[in-house]
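What follows draws every value from the coordinates through simple rules; no lab data is involved. Worth saying up front: this structure is predicted, and the values here are computed from it rather than measured. Glycine also receives a Cβ, built like all others from the backbone with ideal geometry; neighbour counts cover every protein chain displayed.
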Amino acid sequence: MEFFKIGRDIPFMRHAKVFNAISLITFVLAVFFLFTRGLHLSIEFTGGTLMEVSYSQSADLGKVRSTVASLGYTDVQVQNFGTARDVMIRLPAQKGVSTTQQSEQVMQTLRASDASVTLRRTEFVGPQIGDELAADGLKALAMVVVGIMIYLAFRFEWKFAVSAIIANLHDVVIILGFFAFFQWEFSLAVLAAVLAVLGYSVNESVVIFDRIRENFRRYRKMNTVQIIDNAITSTISRTIITHGSTQIMVLSMLLFGGPTLFYFALALTIGICFGIYSSVFVAAAVAMWLGLEREDLIKPTSRKDGQDPNDPNAGAVV
Amino acid sequence: MNRYPIWKYLVLAVTLVIAALYTLPNFFGEAPAVQVSSLKAMTKVDESTVGRVEEALKNAGVKAEEVVLDGNSVRARFDTPDNQLRAKDALQKALIPDPSNPTFIVALNLVSRSPTWLRSVHAMPMYLGLDLRGGVHFMLQVDMQAALTKRADSLAGDLRLALREKSLRYEDLVRDGNSVQMRLPDQATANAVERLLQEQFADLQARTSADGAKIRLVASIRPEALRKVQDQALKQNITTLHNRINELGVSEPVIQQQGIDRIVVQLPGVQDTAKAKDILGRTATLEMRLVDESAEARAAEIGGGLVPFNSERFIDREGRPIILKKRVELTGESLTDAQPGFDSQTQQPKVDLTVDAKGGRIMRDVSRENLKKRMAIVLFEKGKGEVLTAPVIQGELGNRFQISGSMSTVEANDLALLLRAGSLAAPMDIIEERTIGPSLGAENIAKGFNSVTWGFVAIVIFMAAYYMLFGLISGLALAVNLLLLVAVLSMLQATLTLPGMAAMALALGMAIDSNVLINERVREELRNGAAPQAAIHAGYERAWATILDSNITTLIAGLALLIFGSGPVRGFAVVHCIGIVTSMFSAVFFSRGLVNLWYGRQKKLKSVSIGTVWRPGASTKP
């Protein structure tokens, strides 16, 4: 089997402006939704109480809502969780109220109206924890970005580092934009997925950069645009197949992982799709516009020794 | 060129055998068990306890699969949960004749069914997290400011006492934040006080300044002493929590310090959160204060008039108001023991109290000065004080004294318990709580397991179809990766959670990347006209640099999560990071080994089974 029977190099860079315009529009939309709608943060970040209860028959959400509201809680969220029999109740954090007793109080009231209800899970998070988690999340993101940039700058060249980070941060923002637009719940697990996908899709850019460097050494007569086109074309089958394989796994989580892993898998799915797009269409183009040249990657020291500049091994000397 | 020396194959074989050995215990599953451990330091659990357990089980007619001594506890394994429950009842009756004074904890537990020889090489199954086995998780925050304030208060009291003993004159001695302030009449007194502080109060550092004609002295707690107070408060709270949780009879509780002021408590298998919270939340501190018996205080007590300055209004256990002086004579810290008993002369129930040396000195002075006056013991819970008892001081007291009179036996028992339990150094608040039902835990295991299995199967099928033999080898490498991952997690005795299982699935999905890279590279070499052996060689060699680069960037993300993540994210990050490392071993080293084994010996290799190697009709390469 071979999916990619590509005869000549695809002129990706000729259309770079179009691709980057698409990126930019998606990015701006994502930022727009992030600001207008905001993220629907899970109680891990906001603080509050979360209860998952299970009924023997399909649950009447309206009744559950009114029962909980009768206890005097405002802004209660009641929704199905996984199946029609499982209900998730979210109570906001209330200052000054002994939150630890909340879940029992609610359970007693629910049991009074329908004895078949069982408590499957409760989670209470104090408001002080939420702020810390948000701060830690941002710190983790910063460490990932800085760490990857340092590594890439050290391993390749700063232009690659900058373009890889631009390309992949744009993925992160787009994932967040999706979560803001659809108001999907943004939990710690989703944050973990976002960071994992950031590290993962940088891979993609790394593979292409690797090939660009190799091409600079191998094909001395090509110009930068041709080199980049050739690098992307020759790695595209690998890009699609490995992302496809990872996506198979993520799809399996999406289907079998249940509601707990659903948004985690969803964030990964979006991240993987946009990861392909940004590494193929965005990262190399940004590097090109930053003025990437052969000399950036192949140090000209070897030429001083009077070696043939067309020697294919010349670049191997670092 | 595609041959491994023998030692490389040996390394591979040994690694696989060890990995298989340590993965094995996870397949045996868990059996219901009853765990007997000691509640008191005096009762030791040893071989004789094993004998008692065996005998009690025989008498009750419950057959145990195995009874073993494991560290400080005896564990009996059963075939069904029914037998487990019956055994628990039988053991409780046999080992704890007096339920009001238990010496053992009999708790339900789960133990691995893996055979003894596996356990003897420390091959143990992964520890399942609460989200997979059910239970409760609490995070408690210790109110450190309260501990510091208390320390400063008691230092202020001690200082006052010492100044009086030395007949040094002072005015307006008050606590302000973490320091004690006073005004002194002249320089000579100030010098004397500073000397006194140096000699007797190592925790305080003094600073003097002129205040009109007088001298102002601020004695603040040294930073290292502050840290010590916090450290001790946390340790004492952890100890108290241990004792309280023992009351619950939980088999493997986790009580850990987290950060400088937090304690994590995990109680696997516990479903009754109400009781657990009640016992944990009994955050109490004790204080002994004198009852204000002035006329104004009396009036305030009866009619609700103004409470005199330097006094406070409290209520006692019957709800009656009582006015106490603000000054704290003694805190729960000084109290070392409280036991119920009977007065030998009057046969009345009493509570015997023992205080430490400093407390004894204070008690002697206070009781001598306040003979026939009332001394109240106040229990502070959640910042609200309740007067437990306010007996009249009958004589000069010392290290040991008793509270007696107008008490029933039950009340005496209660009071002793309250006094003992009140020795939390600082109040705590539950700031995070998670409860997971046991059925949900089992479901989560199934969900995580299904995700990994189906994803794995789908990837292997795809790889085999697309890359033929090389795809199959990649699939095998992926299986080895899973094996190694589980083995390392089992060796580390890491806690497996649902996010951890998700990370496992993701690690497999990402690990296949390396094999795709290699296979694509080999195909490309073939496409460019390389001989099969050379293509395999070049494919592995050239892909390696790329694999290393891409794994390192992923590892950076994993480490960031590990460092800044907490709770569920940590579990994810641990598996993620280990998965990346094991994938490098399996995808490169192991798969190359298989390829070498298959193709390496064929000198005249004509073709390799790696699927279609498509060549463009006309060369377009420059």
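Of B:K88/B:K447; A:K159/A:K221; A:K17/A:K159; B:K63/B:K93; A:K139/B:K277, which pairs sit farther than 27 Å apart, going by alpha carbon to alpha carbon?
On the way: B:K88/B:K447 32 Å; A:K159/A:K221 22 Å; A:K17/A:K159 18 Å; B:K63/B:K93 17 Å; A:K139/B:K277 33 Å.
Too far apart for the 27 Å limit: B:K88/B:K447; A:K139/B:K277.
Could you tally the net charge around B:E30, taking each other residue with its Cβ under 10 Å from the Cβ of B:E30, Lys/Arg +1 and Asp/Glu -1?
Summing Lys/Arg as +1 and Asp/Glu as -1 gives +3.
Only helical DSSP H runs with n ≥ 4 go in: add -39500 (n - 2.57) per run for chain A, normalise by residue count and round the 222 nm mean residue ellipticity to 500 deg cm²/dmol.
Details: 12 runs with 198 residues, N = 318.
Result for chain A: -21000 deg cm²/dmol, rounded to the nearest 500.
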Helical contribution to [θ] at 222 nm, DSSP H n ≥ 4, -39,500 (n - 2.57), averaged over chain B, rounded to 500:
-16500 deg cm²/dmol
Using only Cα atoms, tell me the angle between helix B:532-564 and the longest principal axis of chain B; keep it within 0 to 90° and round to the nearest 10.
10 degrees
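Could you order the peptides B:144-152, A:17-25 from most to least packed, using the average number of other C-beta atoms within 10 Å per residue? Working shown, then result.
Numbers: B:144-152: 19.7, A:17-25: 13.8.
Packing order, densest peptide first, comes out as B:144-152, A:17-25.
Relative contact order for segment B:30-113: what percent, with Cα pairs under 8 Å and sequence separation of 6 or more? If you can, show how the numbers build up before the last one.
On the way: 145 pairs, mean separation 40.3, N = 84.
Over segment B:30-113, the number comes to 48 percent.
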Given H placed on each backbone N at 1.01 Å, which residues far from B:Q258 in sequence or on other chains put an amide H within less than 5 Å of it?
B:I263, B:V264
Picking from A:I298, A:I174, A:I43, which is most flexible by a Gaussian network model of chain A using Cα springs under 10 Å?
A:I298
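What average number of partner chain Cβ atoms lie no more than 10 Å from the Cβ of the residues making up B:569-577? Could the numbers behind the result be given before it?
Working: counts 11, 2, 1, 8, 4, 0, 0, 4, 0.
Averaged over the peptide's residues, the number is 3.
If I take every Cα pair under 8 Å that is 6 or more residues apart in chain B, average their sequence separation and divide by the length, what percent do I get for the relative contact order?
Values: 1081 pairs, mean separation 95.2, N = 622.
Once divided by the residue count of chain B, the mean separation gives 15 percent.
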Let me check I've understood the local charge: for B:S48, count other residues with C-beta under 14 angstrom from its C-beta, Lys and Arg +1, Asp and Glu -1. What total comes out?
-2
If you fit an axis through the alpha-carbon atoms of helix B:47-60 and take the longest principal axis of the Cα set of chain B, what angle between them do you get, 0 to 90°, nearest 10?
80 degrees
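If packing is taken as the average number of other Cβ atoms within 10 Å across a peptide's residues, how do B:508-519, A:105-116 rank, most packed first?
Details: B:508-519: 27.6, A:105-116: 14.8.
Highest mean packing first, the order is B:508-519, A:105-116.
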Within a 10 angstrom radius of each residue's Cβ in B:492-501, how many Cβ atoms of other chains show up on average? Whole number is fine.
2
Neighbouring partner chain Cβ atoms per residue of A:232-238, average, 10 Å criterion
4
Low-density loop cleavage sites - trypsin sites (Lys or Arg not before Pro) in segment B:548-622, where at most 13 other Cβ are within 10 Å (DSSP)
B:R601, B:K603, B:K604, B:K606
Log entry: pair-distance distribution for chain A, C-alpha pairs binned every 10 Å from zero, whole % per bin is 5, 21, 25, 19, 13, 9, 5, 2, 0, 0
I need the chymotrypsin sites (Phe, Trp or Tyr not before Pro) found in segment B:283-357, filtered to DSSP loop residues with at most 12 other beta carbons within 10 Å of theirs.
B:F309
The local net charge around B:V291, scoring Lys/Arg +1 and Asp/Glu -1 for residues other than B:V291 whose Cβ lies under 9 Å from its Cβ, equals +2
Cα-based count: Lys pairs in segment B:284-430 below 23 Å, eight or more positions apart or different chains?
14
Which whole DSSP H helices in chain A pass both tests: a Cα extent of 20 Å or more along the axis and a mean Kyte-Doolittle value no lower than 0.5?
A:16-36, A:127-155, A:158-182, A:188-218, A:224-256, A:258-277
If each part is reduced to its alpha-carbon centroid, segment B:68-87 and segment A:126-159 end up apart, in Å, by 48 Å
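Mind checking segment A:154-237 for trypsin sites (Lys or Arg not before Pro) that DSSP puts in a loop (not H, G, I, E or B) and that have at most 13 other Cβ atoms within 10 Å?
Sparse-neighbourhood loop trypsin sites (Lys or Arg not before Pro): A:K221.
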